[in-house]
Amino acid sequence: MLELRHRGGCPGPGGAVASPPREGEAAGGDHETESTSDKETDIDDRYGDLDSRLDSDIPEIPPSADRTPEILKRALSGLSSRWKNWWIRGILTLTMISLFFLIIYMGSFMLMLLVLSIQVKCFHEIITIGYRVYRSYDLPWFRTLSWYFLLCVNYFFYGETVADYFATFVQREEQLQFLIRYHRFISFALYLAGFCMFVLSLVKKHYRLQFYMFAWTHVTLLITVTQSHLVIQNLFEGMIWFLVPISSVICNDITAYLFGFFFGRTPLIKLSPKKTWEGFIGGFFSTVVFGFIAAYVLSKYQYFVCPVEYRSDINSFVTECEPSELFQLQSYSLPSFLQAVLRQSTSCLYPFQIHSIALSTFASLIGPFGGFFASGFKRAFKIKDFANTIPGHGGIMDRFDCQYLMATFVHVYITSFIRGPNPSKVLQQLLVLQPEQQLNIYKTLKTHLIEKGILQPTLKV
């Protein structure tokens with residue numbers, strides 16, 4: 001009530017009445033600002049206490065066993081832990097890159113299997129964390145239903161891929177025609193069966209926890225399956241759309257680590273105390289240069305630039321085509337400051353090299369936020385790594401947390417700026433029409449092409 005009373009004061013300039021300073025208010029201070037600040041502090045304290053209580057409910061997960069090969073342990077036994085970890089990470093990184101090159105040589109189908117294997121392993125690591133955190137509750141059917149939903153979602157997405165890119169093969173197989181025609185209904189029915197199983201498995205004492213795990217599973221599916229599906233969609237556009245983004249993220253991860261290891265002094269973000277501004281900036285410039293050079297090298301070869309297509313006559317994937325303008329050298333006028341440096345006014349580049357700058361910039365500036373997100377997740381559940389699959393690196397998810405954001409960006413980039421309508425999907429839809437409908441479309445298309453001068457009109461005798 002005291003705050004609402006009129007307070008007298010001396011007239012100020014212009015006859016205005018100035019209020020005397022309120023109790024506890026310093027000269028020139030703002031009581032309302034202090035009050036608001038106190039309220040915000042109280043709210044922060046209250047939510048901080050709530051976070052502490054919630055954290056105390058999460059059981060401690062025992063650290064994973066060290067899986068570093070004994071030969072490496074003996075060879076590096078005389079080094080400090082910092083340099084020992086550096087050598088282990090370096091050796092395992094070179095090994096993984098070598099295996100990646102081998103799989104690229106084996107072709108696009110092996111790359112698809114690699115993506116599927118990584119997806120399943122990442123799903124397993126995240127689901128296992130949920131199981132280990134809440135293991136004491138002995139939830140019924142939790143792991144079984146989680147893997148069942150994984151199968152359902154994979155069936156849906158890969159069925160869509162078969163319908164889009166294997167239309168000619170599907171038309172030869174009567175059983176596949178039925179599955180493709182009713183694919184979405186079958187997918188929904190399978191998911192509905194899992195949903196009903198979940199409802200029937202609810203236990204009175206654990207309702208809330210079971211719904212936590214239901215949401216956990218679905219978020220994990222969104223992170224892993226959806227993104228891996230987009231990776232494969234990008235691969236079908238041409239192996240270069242798969243390799244340049246993925247290698248850019250790998251390059252940024254390596255160079256940011258090296259710059260941070262040798263020159264890092266300024267912390268970047270609290271979620272990842274070891275990340276530094278020096279590593280972040282050094283990784284950015286290194287990744288842009290790497291992406292530009294990699295785009296130039298890969299654009300020379302049909303094997304990398306041609307869309308991946310399935311040839312039913314030879315029962316194999318092929319990458320043969322006439323490269324599009326995106327992968328043909330073009331002459332570009334250079335900015336004036338570059339003309340002075342390079343002493344030439346034009347330069348021949350592949351248009352894809354310009355696109356690679358956008359891809360590399362995203363990989364180095366936005367991609368790391370996938371890693372920061374994963375770091376926050378691990379801190380929330382008091383774990384260092386998702387698993388101990390790769391010595392010195394952690395789990396598979398620890399290596400691919402940035403790749404998932406990148407996959408979505410590349411898919412959106414292709415559909416927004418590169419790709420037009422999908423001819424395979426149009427053809428697949430035409431082939432399931434009735435013969436009368438197909439004839440009508442044929443006549444309409446023929447008339448349209450004659451009007452545009454592409455076809456010559458047939459002469460009637």
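The values are calculated or read from the model by the stated rules, or taken from the named source; none is laboratory data. The structure displayed is predicted, hence computed values, not measured ones. Cβ sites come from the backbone with ideal geometry, for glycine too, and all protein chains shown count toward neighbours. For accessibility, only protein heavy atoms count, side chains too; no ligands or nucleic acids. Shrake-Rupley method; radii C 1.70, N 1.55, O 1.52, S 1.80 Å.
For this structure, a couple of remarks:
- Test: Y165 is without any contact (Cβ under 8 Å) to a residue 40 or more places away in the chain, within 17 Å of Q429 (Cβ to Cβ) and hydroxyl-bearing (S, T, Y): no
- Some residue of region 359-375 being outside any helix (DSSP H, G or I) and at pLDDT below 85: no
Quick grid of which residues meet (1) within 18 Å of N154 (Cβ to Cβ); (2) outside the structural domain of C122 (by the TED database); (3) touching an Asp or Glu at 6+ places or on another chain (Cβ under 7 Å):
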position	(1), (2), (3)
S187	yes, yes, no
R208	no, no, no
F214	no, no, no
T217	yes, no, no
L221	yes, no, no
S228	yes, no, no
I232	yes, no, no
L235	yes, no, no
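- Lone qualifier among T33, T95 - being exposed (fewer than 13 other Cβ atoms within 10 Å of the Cβ), of a type outside the set (D, E), modelled with pLDDT under 70 and in a helix (DSSP H, G or I): T33
- Hits in region 331-358 - residues which are free of Cβ contacts under 8 Å to residues at least 60 places away in the same chain, part of a helix (DSSP H, G or I) and touching a Phe, Trp or Tyr at 6+ places or on another chain (Cβ under 9 Å): P351, I354, A358
- Lone qualifier among V231, V203, V219 - being open to solvent by less than 30 Å² (accessible area, probe 1.4 Å) and not small (G, A, S): V231
- Subset of region 362-379 [in contact (Cβ under 8 Å) with a residue 40 or more places away in the chain and open to solvent by 30 Å² or more (accessible area, probe 1.4 Å)]: F362, L365, I366, R379
- Residue within region 203-219 that is assigned to a loop (DSSP other than H, G, I, E, B) and of a type outside the set (V, I, T) present: no
- Sole residue being open to solvent by less than 70 Å² (accessible area, probe 1.4 Å) and either at pLDDT below 85 or not assigned by the TED database to the domain that holds F211 (or both), chosen from Y131, Y148: Y148
- Scanning region 304-330 for residues that are modelled with pLDDT of 85 or more, open to solvent by 80 Å² or more (accessible area, probe 1.4 Å) and either outside any loop (DSSP other than H, G, I, E, B) or not assigned by the TED database to the domain that holds M112 (or both) yields a single hit, E325.
- Per the listing V289, V244, V297, the residue uniquely assigned by the TED database to the domain that holds G370, in a helix (DSSP H, G or I), among the aliphatic types (A, V, I, L, M) and open to solvent by 80 Å² or more (accessible area, probe 1.4 Å) is V289.
- Entry remark, region 403-437: residues being open to solvent by less than 70 Å² (accessible area, probe 1.4 Å), modelled with pLDDT of 90 or more and over 30 Å from F373 (Cα atoms) number 0 in total.
- Pairs are defined by a Cβ separation below 7 Å, a sequence spacing of at least 6 or placement on different chains, a first member in region 105-126 that is under 17 Å from R311 (Cβ atoms) and open to solvent by 70 Å² or more (accessible area, probe 1.4 Å), and a second member that is at pLDDT below 90 and of a type outside the set (G, A, S); the pairs so defined are F109/F317.
- Among the candidates L342, L349, residue that is open to solvent by 70 Å² or more (accessible area, probe 1.4 Å) and either in the same structural domain as R132 (by the TED database) or more than 27 Å from the chain's Cα centre (by Cα) (or both): L342
- Any chance G282 is assigned by the TED database to the domain that holds D385, crowded, with 20+ Cβ neighbours inside 10 Å, among the small types (G, A, S) and touching a Phe, Trp or Tyr at 6+ places or on another chain (Cβ under 9 Å): yes
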